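Participant: Sharing a structure below in structure tokens format, with a few things to ask.
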Amino acid sequence: MGIKLICSNKKARHNYEIIETMEAGIALTGTEVKSLRAGKASLNESYARITDGEVFLLQFHISPYTHGSAFNHDPLRPRKLLLHKREIRKLIGKTAEKGFSLVPLKAYFKEGRAKIELALARGKRLYDKREDLKKQAMKRDVERDFRRR
């Protein structure tokens, strides 16, 4: 069984400088899993926060399951991320430093289990974003010229 991508946060790499990534499990209800399998999720605007020694994913939108009953899940409820204690302690130390955030990069199924790729990131300034766009444009031009020859 391979990895099946559910959704990704495309803006994260543009808005943040990624320092380190890690894989975390996610605690879900049955209808949330069914909605994820149908691809009805969005990581835009989502972030993670550490509360009382536990990591929670906030603003991760999973649409209500279409065939669910009155007991369907809340689309934006906080969801607990499953990490080892040493990983959480490491994250607490890193996020205590000024300017670091926990940003989810992508959600996927790995061996039948829902996973989140979580990144320790620092926000980019506007001039950093412009510089990155210039580098991408230059790289694209060089590749285009190389293909023509």
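Participant: For segment 34-56, give me the residue count where each residue is assigned to a strand (DSSP E or B) and within 20 Å of Lys4 (Cα to Cα).
Facilitator: Total satisfying the criteria: 2.
Participant: Hey, among the residues in segment 19-41 that are among the small types (Gly, Ala, Ser) and crowded, with 17+ Cβ neighbours inside 10 Å, which one's farthest from the chain's Cα centre (by Cα)? Outline the logic, then answer.
Facilitator: Let us first name the residues in segment 19-41 that are among the small types (Gly, Ala, Ser), namely 24-25, 27, 30, 35, 38-39, 41.
Filter once more, keeping what is crowded, with 17+ Cβ neighbours inside 10 Å: 24, 35, 41.
Values: Ala24: 10, Ser35: 17, Ala41: 11 Å.
Among them, the one singled out is Ser35.
Participant: For Ile62, state whether it is more than 30 Å from Glu131 (Cα to Cα), without any contact (Cβ under 8 Å) to a residue 40 or more places away in the chain, of a type in the set (Val, Ile, Thr) and buried (at least 16 other Cβ atoms within 10 Å of the Cβ).
Facilitator: Details: more than 30 Å from Glu131 (Cα to Cα): yes; without any contact (Cβ under 8 Å) to a residue 40 or more places away in the chain: yes; of a type in the set (Val, Ile, Thr): yes; buried (at least 16 other Cβ atoms within 10 Å of the Cβ): yes.
The answer is yes for Ile62.
Participant: Something else: Among the numbered criteria (1) modelled with pLDDT of 90 or more; (2) of a type outside the set (Phe, Trp, Tyr); (3) on the phi > 0 side of the Ramachandran plot, which one does Gly53 miss?
Facilitator: (1)
Participant: When you go through Glu117, Glu131 one by one, which is the residue that is out of contact with any Cys (no Cβ under 9 Å at 6 or more places or on another chain) and closer than 21 Å to Thr21 by Cα?
Facilitator: Result of the check over Glu117, Glu131: Glu117.
Participant: Considering every residue within segment 19-39, establish whether at least one is touching a residue at least 40 places away in the same chain (Cβ under 8 Å) and in contact with a Gly (Cβ under 7 Å, 6 or more places away or on another chain). Give the derivation first.
Facilitator: Of segment 19-39, the ones touching a residue at least 40 places away in the same chain (Cβ under 8 Å) are 19-29, 31-33, 36-37.
Narrowing the set further to residues that are in contact with a Gly (Cβ under 7 Å, 6 or more places away or on another chain) leaves 31.
Checked against the condition, which is being touching a residue at least 40 places away in the same chain (Cβ under 8 Å) and in contact with a Gly (Cβ under 7 Å, 6 or more places away or on another chain), segment 19-39 yields at least one hit.
Participant: Within segment 109-135, take every residue that is among the charged types (D, E, K, R) and in a loop (DSSP other than H, G, I, E, B) and give me the one that is nearest to the chain's Cα centre (by Cα).
Facilitator: Keep residues of segment 109-135 that are among the charged types (D, E, K, R), which gives 110-111, 113, 115, 117, 122, 124-125, 128-132, 134-135.
The next check asks that each one be in a loop (DSSP other than H, G, I, E, B); those that pass are 111, 124-125.
Numbers: Glu111: 19, Lys124: 17, Arg125: 20 Å.
Here the answer is Lys124.
Participant: Among (1) of a type in the set (Lys, Arg); (2) under 27 Å from Asp128 (Cα atoms); (3) not in a helix (DSSP H, G or I), which single condition is Lys94 missing?
Facilitator: (3)
Participant: Something else now. Quick test of your reading of the structure: His73 fulfils all but one of (1) modelled with pLDDT of 85 or more; (2) assigned to a loop (DSSP other than H, G, I, E, B); (3) buried (at least 17 other Cβ atoms within 10 Å of the Cβ). Name the failing condition by number.
Facilitator: With (1) modelled with pLDDT of 85 or more; (2) assigned to a loop (DSSP other than H, G, I, E, B); (3) buried (at least 17 other Cβ atoms within 10 Å of the Cβ) applied to His73, the lone miss is (1).
The values are calculated or read from the model by the stated rules, or taken from the named source; none is laboratory data. A quick note: this is a predicted structure, and the numbers were derived from the prediction, not measured. Don't worry about glycine lacking a Cβ; one is built from the backbone with ideal geometry, like all the others, and counts go over all protein chains shown.
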